[in-house]
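Here the structure comes first, spelled out in structure tokens, and everything after it is commentary.
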Amino acid sequence: MPIYHSLISRSTTVLCEHTDMTGNFSTVAVQILDRLPTRDTKVTYSSDEYLFHIIVQDGIVFMCLCDRELSRRQAFGFLFEVQRRFTSVATNLLQRARTANAYELNRDFSNVLASEMKRYSSAMPGDQVSALKSQIDEVKDIMTQNIEKVLDRGEKIEILVDKTEELTQTAASFQKSSTQLKRSMWWKDKKWTIVIVVVVLLIIGVIVLAILGGLNVI
């Protein structure tokens, strides 16, 4: 139940984004940005098995695409944390966002999106639950709207996500773990072999010394 895609924009200008998948969700996201209200808001748009969760604050949009298996608390927990880090005075990104060109902040913040997507896709980090509790408690009242109605489109909008990449990444991770396990077992087996060889050599050494000692006595 991952977060497939996330972005930060100023109105319709995407400042930075991150995804590990391929699909048409970036195109749909841009269409949503064009229809978002300018006032501060929190909203969820639905399309079959996928949900776009959105926070608009002071003209800056924080958006993520998830499947329905990911809880709303996790999705908005992710957005709140991304918003907190992006608007931190220390980063100076909020000030730059007012005039930045499209994707200008990718180099500065896409890695943060990537790391937080990974964290919140698995589970809500415990430390963030308490830190963002009041904000997260508000999400239960956020209305979910049908994306076709929002975009004023009569035809069905299909969100395409190529999950084969996700499966490939999972397989690669499994293969890596398997290789590490095999290497670990190989070394463990070799260690026992070395121990046995050393013990045998010590026994042989003791026997040889005993024989030599007996000969000397004679």
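The packing ranking of peptides 202-211, 93-102, highest mean first, is 93-102, 202-211, where packing means the average number of other beta carbon atoms within 10 angstrom of each residue. Report note on the peptides 69-78, 38-47: ranked by the mean count of other C-beta atoms within 10 Å, highest first, their order is 69-78, 38-47.
Let's test the formula: R0 of 41 Å, r as the Cβ-Cβ distance of residue 11 and residue 67. What FRET efficiency results, to the nearest 0.05? Efficiency, from the Cβ-Cβ distance: 0.90.
Both the radius of gyration and Dmax for the range 31-76 are 10.6, 30 Å, in that order, over alpha-carbon atoms. Once the chain from residue 199 to residue 35 is taken as fully extended at 0.36 nm per residue, the excess over their C-alpha distance is 51.3 nm.
Bear in mind that the values in this text are calculations on the coordinates, not laboratory data. Computed from a predicted model, the values in this text were never measured in an experiment. Reconstructed Cβ throughout: ideal geometry from the backbone, glycine too, with neighbour counts over all protein chains shown.
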